[in-house]
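K.L.:
So that we are looking at the same thing, I have put the structure below in structure tokens.
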Amino acid sequence: MIYSRIIGTGSYLPEQLMTNADFEKLIDTTDQWIVERTGIKVRHVAAENELTSDLAVAAARRALEAANVVPANIDLVIVGTTTPDRVFPSTACIVQAKLGIANASPAFDVQAVCSGFIYALATANNFIKAGQARTALVIGAETLSRITDYTDRTNCILWGDGAGAVVLTASEEPGIISTHIHADGRYQDLLYVDGGPSMGNGEKAAMRMQGNAVFKMAVNTLDAIVDETLAANGMEKSDIDWLVPHQANIRIIQATGKKLGLPPERVVVTVDQHGNTSAASIPLAFDTAVRDGRIKRGQTLLMEAFGGGFTWGSALVKY
Ligand code: UT7
């Protein structure tokens, strides 16, 4: 039996910061409201000439270095993103070229908004388990600042730019224990971008959200995915060492941590430092906790995400 295992992590945040004080100057809001309702203190914003693929490449280089893998040995690149450089080629193809991977192996994007990293990880895991790839680069990367309406105070305070990456390789032992991905397209009106190439107004498109309705759906759906993931593996809550959640809102993260019966110190939280970076947020949080020594080899992690689509999913990982 072939499994896949994570052998390296990396992340990248652009230099430019946008603090809550910056938002106080832009819109009718306060640092206190933002911190209390979201947990966010600061976001990173890509420079004018910095594209999603640049963020992705920076995170990928760090993951490759940590994994001690040279780009030429990567035989699959998947990028989870909602903010591709261009409509085409895919950001994954651009990343493949920028990294100098010239072995004609597949490269493609996965569009599942905030669940993009979980979808990408699930896909790469299945490629490796099927013997169709050996060493995969799985990236979540976003420049959400490019689709944010900075006059819409109900959601502009949430979003940030960034990227995270993992290197997955074939292994005789798991690794990725299981992945679970879902979608329900009936809820598009609650969270969407109000334009795109086919609608003919792509340049002006921005995110729109009925925040409170999305919040409630997110909490309930993530509760259910925790149960589904544990049941599928015959595991108890106490078998989980770490929750590595999508970083959307501290209150959603805390609700899932509580559901798992985990103390706050076993829940990786980075939302305060970069806001909601959609597909990038899980690998950003994961890399942070690996590099600061909190997450150790042999520990069991539950990753989960919920986002536009709606899409949602989880990955149970032995690190
Ligand atoms: O990652 C993909 C999934 N996305 C999410 O998971 C995000 C889910 N939603 C959320 O995180 C939260 O719903 C928000 C942070 C967006 C909003 O928090 P909330 O506690 O749901 O607030 P609300 O929308 O119910 O609004 C409460 C009040 C309203 O005032 P009234 O009607 O009670 O007088 C809003 O007008 O807060 C007001 N408000 C603000 N006040 C200060 C809304 N935005 C702001 C703001 N600053 N930026």
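Every read-out reported here was derived from the displayed coordinates using simple, explicitly stated rules and does not represent laboratory data. What you see is a predicted model; the values in this text were computed from it and never measured. Quick reminder, even Gly has a Cβ in these numbers, built from the backbone with ideal geometry, and neighbours come from all protein chains shown.
K.L.:
Cross-link candidates for Lys216: which lysines have Cα within less than 26 Å, leaving aside residues fewer than 8 places away along the same chain?
P.N.:
Hits, sequence-local ones excluded: Lys41, Lys237, Lys258, Lys259.
K.L.:
Let me ask something else. Apply the Karplus curve 6.51 cos²θ - 1.76 cosθ + 1.60, θ = phi - 60°, to the phi angles in the stretch 207-218 and return the couplings in whole Hz, x for Gly and Pro.
P.N.:
My calculation for the stretch 207-218 gives 6, 10, 8, 8, x, 5, 5, 5, 4, 5, 4, 4 Hz in order.
K.L.:
What residues qualify as long-range amide H neighbours of Ala206, i.e. H under 5 Å apart, gap of 5 or more or another chain, H built at 1.01 Å from N?
P.N.:
The answer is Asp194, Gly195.
K.L.:
What do you get for Rg/Rh over the stretch 3-173 if you use C-alpha atoms and the Kirkwood form of Rh?
P.N.:
Rounded to two decimals, Rg/Rh equals 1.04.
K.L.:
While we're here: Long-range amide H contacts for Ala133: which residues qualify at under 5 Å (H placed 1.01 Å from N, peptide plane, sequence gap of 5 or more or a different chain)?
P.N.:
Ile128
K.L.:
Can you run phi through the Karplus equation (6.51, -1.76, 1.60; θ = phi - 60°) for the stretch 157-167 and list ³J(HN,Hα) in whole Hz, with x for Gly and Pro?
P.N.:
Values, residue by residue: 6, 7, 8, x, 9, x, 8, x, 8, 9, 9 Hz.
K.L.:
Which residue, Ser198, Ser278, Ser238, tops the fluctuation ranking in a GNM of the chain built on C-alpha contacts under 10 Å?
P.N.:
Residue with maximal mean-square fluctuation among Ser198, Ser278, Ser238: Ser198.
K.L.:
Scan around Thr143 for amide H atoms under 5 Å from its own, H built in the peptide plane at 1.01 Å from N, and keep only partners 5 or more places away or cross-chain.
P.N.:
Here Thr83 satisfy the definition.
K.L.:
Count the net charge of all other residues whose Cβ sits under 13 Å from the Cβ of Ala136, scoring Lys and Arg as +1 and Asp and Glu as -1.
P.N.:
+2
K.L.:
By what distance, in whole Å, do the Cα atoms of the stretch 213-319 stretch along each of the three principal axes, largest value first?
P.N.:
37, 33, 21
K.L.:
So if I take the centroid of the Cα atoms in the stretch 173-230 and the same for the stretch 86-159, what is the distance between those two points in Å?
P.N.:
15
K.L.:
When Lys and Arg each count +1 and Asp and Glu each count -1, what net charge do the other residues less than 13 Å away from Ile176, Cβ to Cβ, add up to?
P.N.:
+2
K.L.:
Among DSSP beta bridges lying fully in the chain, give the percent that are antiparallel, nearest 5.
P.N.:
Once the DSSP bridges in the chain are tallied, antiparallel ones form about 75 percent.
K.L.:
About the Cα centre of the stretch 3-173, how large is the charge dipole given +1 on each Lys and Arg Cβ and -1 on each Asp and Glu Cβ? Please answer in debye to the nearest 20.
P.N.:
Its charge dipole is roughly 460 debye.
K.L.:
Please find, in a Gaussian network model of the chain (springs between Cα atoms separated by less than 10 Å), the residue of Met207, Met217, Met199 whose mean-square fluctuation is greatest.
P.N.:
Met199
K.L.:
Let me know the whole percent of all Cα-Cα pairs from the chain that are separated by more than 37 Å.
P.N.:
Above the 37 Å cut-off, the chain has 10 percent of its Cα pairs.
K.L.:
Can you give me the relative contact order of the chain as a percent, contacts being Cα pairs under 8 Å and 6 or more apart?
P.N.:
26
K.L.:
Let me ask you something else. Kindly state, to the nearest 0.05, the FRET efficiency for Gln299 paired with Asp272, given R0 = 25 Å and r defined as their beta-carbon distance.
P.N.:
Computed FRET efficiency for Gln299 and Asp272: 0.60.
K.L.:
Which order results if Glu265, Glu228 are arranged by neighbouring Cβ count within 10 Å, fewest first?
P.N.:
Glu265, Glu228
K.L.:
Using the Karplus curve 6.51 cos²θ - 1.76 cosθ + 1.60 with θ = phi - 60°, work out ³J(HN,Hα) for each residue of the stretch 45-52 in order, rounded to whole Hz, and write x for Gly and Pro.
P.N.:
Taking θ as phi minus 60°, the curve returns 10, 5, 5, 3, 9, 9, 10, 3 Hz for the stretch 45-52.
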